[in-house]
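Asker: The structure's right below; bear with me while I get my questions together.
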Amino acid sequence: MKYIDTHTHLSDKAFDNDRKDIISESINKGLDFFFEVLCSPNDFDKFKSFAVYMDNFYFSFGIHPEYADENSPENFKLLKQFLLKDRSVFIGEIGL
């Protein structure tokens with residue numbers, strides 16, 4: 001059996017001081033995969049910060065209604081580019 005956290009926001013700045021420790025401890029305690037949710041075009045590049053743990057991470061990309069003011073043709077094009085990445089597994093968070 002695999003253990004998966006299907007909705008994490010570890011890229012949030014609240015975890016800047018202990019992100020690596022939280023990830024390492026979670027993996028050491030048996031968590032196999034994280035599904036990191038990136039909700040804003042300004043956050044999409046944050047997936048790169050998980051490179052050292054990439055085998056344990058999958059990502060979702062979306063534009064949450066809280067960031068609706070960031071909707072633009074350019075950002076939808078950017079969203080599409082990120083959704084086509086190998087580790088992208090679903091669309092979200094989009095507020096449905």
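Asker: In terms of Cα to Cα distance under 30 Å, which lysines are near enough to Lys77, apart from those fewer than 8 places away along the same chain?
Answerer: Output for Lys77: Lys13, Lys46, Lys48, Lys85.
Asker: By the scheme Lys and Arg +1, Asp and Glu -1, what is the net charge of all other residues having a beta-carbon under 13 Å from that of Ser26? It would help to have the intermediate numbers written out before the result.
Answerer: Values: positive: Arg19, Lys20, Lys29; negative: Asp5, Asp18, Asp21, Glu25, Asp32, Glu36.
That sum, taken over residues with Cβ under 13 Å, equals -3.
Asker: May I ask for log10 I(q)/I(0) of region 3-91 at q = 0.16, 0.23 Å⁻¹, from a Debye sum over the Cα atoms as equal point scatterers with solvent left out?
Answerer: Here log10 of I(q) over I(0) equals -0.62, -1.16.
Asker: Sticking with this one: With n ≥ 4 as the cut-off for DSSP H runs, can you work out [θ] at 222 nm for the chain, using -39500 (n - 2.57) per run divided by the number of residues, rounded to the nearest 500? Let's see the in-between values first.
Answerer: On the way: 2 runs with 21 residues, N = 96.
Result for the chain: -6500 deg cm²/dmol, rounded to the nearest 500.
Asker: Something else about it: Under the rule of at least 5 residues apart or a separate chain, name every residue whose amide H is placed under 5 Å from the amide H of Ser88.
Answerer: Hits under the 5 Å cutoff: Phe59.
Asker: Something else about it: What residues have an amide H closer than 5 Å to that of Thr8, excluding those fewer than 5 places away on the same chain, when H is modeled at 1.01 Å from N in the peptide plane?
Answerer: Distant-sequence amide H within range of Thr8: Phe35, Glu36, Val37.
Asker: Could I ask something else about it? Find, among the trypsin sites (Lys or Arg not before Pro) in region 46-87, those assigned to loop by DSSP (not H, G, I, E, B) with at most 16 other beta-carbon atoms within 10 angstrom.
Answerer: Numbers: sites: Lys46, Lys48, Lys77, Lys80, Lys85, Arg87; in loops: Lys85, Arg87.
Sites meeting the loop and neighbour criteria: Lys85, Arg87.
Asker: Please get the size of the charge dipole for region 3-91, origin at its Cα centre, with Cβ charges of +1 on Lys and Arg and -1 on Asp and Glu, quoted in debye to the nearest 20.
Answerer: On the way: 10 positive and 16 negative charges, 57 e Å.
Dipole magnitude for region 3-91 comes out near 280 debye.
Asker: From the backbone phi of region 62-73, what are the Karplus-calculated ³J(HN,Hα) couplings (6.51 cos²θ - 1.76 cosθ + 1.60, θ = phi - 60°) in whole Hz, Gly and Pro given as x?
Answerer: Karplus values, whole Hz, x for Gly and Pro: x, 10, 5, x, 4, 10, 4, 5, 8, 5, 7, x.
Computed from the coordinates by the stated procedures, all read-outs in this text should not be read as laboratory data. Note that this is a predicted model, so its numbers are computed, not measured. Heads up, the Cβs are rebuilt from the backbone with ideal geometry, glycines too, and the neighbour counts pull from every protein chain shown.
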